[in-house]
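Peer 1: Supplied in C-alpha cells, the structure appears directly below.
The values are calculated or read from the model by the stated rules, or taken from the named source; none is laboratory data. Since we're looking at a predicted model, the values are computed, not measured. In this analysis, Cβ positions are derived from the backbone assuming ideal geometry, glycine residues included, and neighbour counts consider all displayed protein chains.
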Amino acid sequence: MCLLPLFSLNIDLSVLRQHNNTHPFTKEPLEPTDLITLHYSHREATNEIHDPVSFKPFSEHSHIVAVATTGNVYLAESIKGNRDLLADISIKKYAVLLGGML
C-alpha cells in the first residue's frame with residue numbers, strides 16, 4: 001500500500017509540460033504514461049459517485065482505495081481478499097487515496 005498524490009488529468013498534462021516532465025513537488029521524472037486514469041462508478045439518475053460493490057456514495061470523509069493496475073476506485077471497506085472485484089483480478093499493489101473527491 002502506498003500513498004500517492006492525486007491530480008486532475010487535465011491539469012496534470014499542462015503541469016507536466018510546464019515542468020519538463022518532472023513531478024511538480026518531488027522533482028522526480030514523471031511521464032504522462034506514468035499517470036493512472038481512475039474509474040469511478042456513477043449513478044445515472046443523480047450522477048453521484050459511489051462504491052461499485054456496496055453502492056454507498058463517496059463523501060469528503062470516505063477512505064477511498066484505487067487499484068493501480070486497473071484504476072478502479074472503491075471504498076476501502078469493500079476491498080476483501082486482495083481482489084479487484086470489477087476486473088476479477090488479484091491485487092498486488094494498490095494506492096490509498098484519503099479524504100474525498102476531486
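Peer 1: GLY99: at pLDDT below 80 and at positive phi, yes or no?
Peer 2: When the stated conditions are applied, GLY99 passes them.
Peer 1: Would you be able to tell me the number of residues in the range 58-77 that are surrounded by 15 or more Cβ atoms within 10 Å (Cβ to Cβ) and either more than 21 Å from SER90 (Cα to Cα) or over 13 Å from the mean Cα position of the chain (by Cα) (or both)?
Peer 2: So the answer is 2.
Peer 1: Of these, LEU30, LEU6, which one is surrounded by 10 or more Cβ atoms within 10 Å (Cβ to Cβ), at pLDDT below 80 and not aromatic (Phe, Trp, Tyr)?
Peer 2: Within the list LEU30, LEU6, the selection yields LEU6.
Peer 1: Which one is nearest to SER14 (Cα to Cα), of the residues in the range 33-86 that are charged (D, E, K, R) and assigned to a strand (DSSP E or B)?
Peer 2: The qualifying residue nearest to SER14 (Cα to Cα) is ASP84.
Peer 1: Scan the range 50-72 and report the pairs whose first residue is more than 16 Å from THR37 (Cβ to Cβ) and whose second residue is part of a strand (DSSP E or B) and of a type in the set (Lys, Arg), with Cβ atoms within less than 7 Å and a gap of 6+ or a chain change.
Peer 2: Within 7 Å, no pair qualifies.
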